[in-house]
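Beneath this line is the structure, given in structure tokens, with notes to follow.
The values are calculated or read from the model by the stated rules, or taken from the named source; none is laboratory data. Nothing here was measured: the structure is a model prediction, and the numbers come from that model. Note: ideal-geometry Cβ built from the backbone for every residue, glycine included; neighbour counts use all protein chains shown.
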Amino acid sequence: MGLTGHFGYANGAVGDRRAQFFQQQKTVLRCLRMALAAAAILAAGTFTARAADIPIYNNFAASTASRIGNAVLSTDGAYYSPIIADDVTLGAGFAGSEVTGFQFSIANYNPDTTDITVFIMMYADNNGAPGALLYSTPFNGPVDGDLLVPANSGPATPLFIAPRKLWIGEMFSNVSTGLATTQAEVNNFGVGFNDGPTVGSSSDHYFVGSALTSPTAGSPVGTIETGTPGSLTFELFTDVAPAPVPEPSSLSLLVLGLGSLGGIVRRKLRG
């Protein structure tokens, strides 16, 4: 009887331990599901979502004034105006954004429609002046009066990664017109200025190139001038929305699940 009773006690203990073991397994699985669910929510929150034309800098409206310069003859036989560039600070939270499009404004003061090439350049800031070239592209065609130019590169096609502060420059030339546009006609084109940005900011000064500079080269030579009638009429877009911040409930769920797992591991080690 004693032996049978002893085995009976032993069998009962084994059964209790098995029940405890299975209960712990269920608890572990439940905690794992909580942690995995929270991790999935957090991961989903960090994916970048595609959107359409999110302005990261916006000073785009009907221009209130223009700035023109005297075109200089280049060795390729074409005339190029000096670079006019304006400093730009992106809106809050947009540093490092993929620039996927932009639009700008130019003015033609010639009496007739005139063919022109306008170069758009983006520079990194170098101690308050245009530095390394980030992006450059030409636009060619006839212009009649003021022209607002949308230039979107299309979804998921980044032109460049924008730093928090950069410079946007414009230059006019007759290089793509078969030289039919004269120096005087090139001189009658101007960049647009507007009162002030609604997204981002810009200081009350601008850069004027003092020597013939290639539109595909960085760190142009020039001077900083003040007394502008505003800031360059320009807008920069991204189509990638900033990653949302995870909700506190998701973080709490993750902490609860991981904390429960840690408690089970500690009890297991002590046992």
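A few comments on the model shown:
- Taken as a whole, the structure leaves residue 226 outside the set of residues that are over 16 Å from residue 130 (Cα atoms) and modelled with pLDDT under 85.
- Selection within region 179-210 - surrounded by 15 or more Cβ atoms within 10 Å (Cβ to Cβ) and charged (D, E, K, R): 185
- Residue 77 being surrounded by fewer than 21 Cβ atoms within 10 Å (Cβ to Cβ) and over 26 Å from residue 54 (Cα atoms): yes
- Residue match in region 122-139 (condition: outside any strand (DSSP E or B), farther than 22 Å from residue 193 by Cα and without any contact (Cβ under 8 Å) to a residue 40 or more places away in the chain): yes
- Selection count, region 52-85, where residues are aliphatic (A, V, I, L, M) and at pLDDT 75 or above: 9
- Looking across region 199-213, the residues that are in a strand (DSSP E or B) and at pLDDT 90 or above come down to 199, 201, 207, 208, 209.
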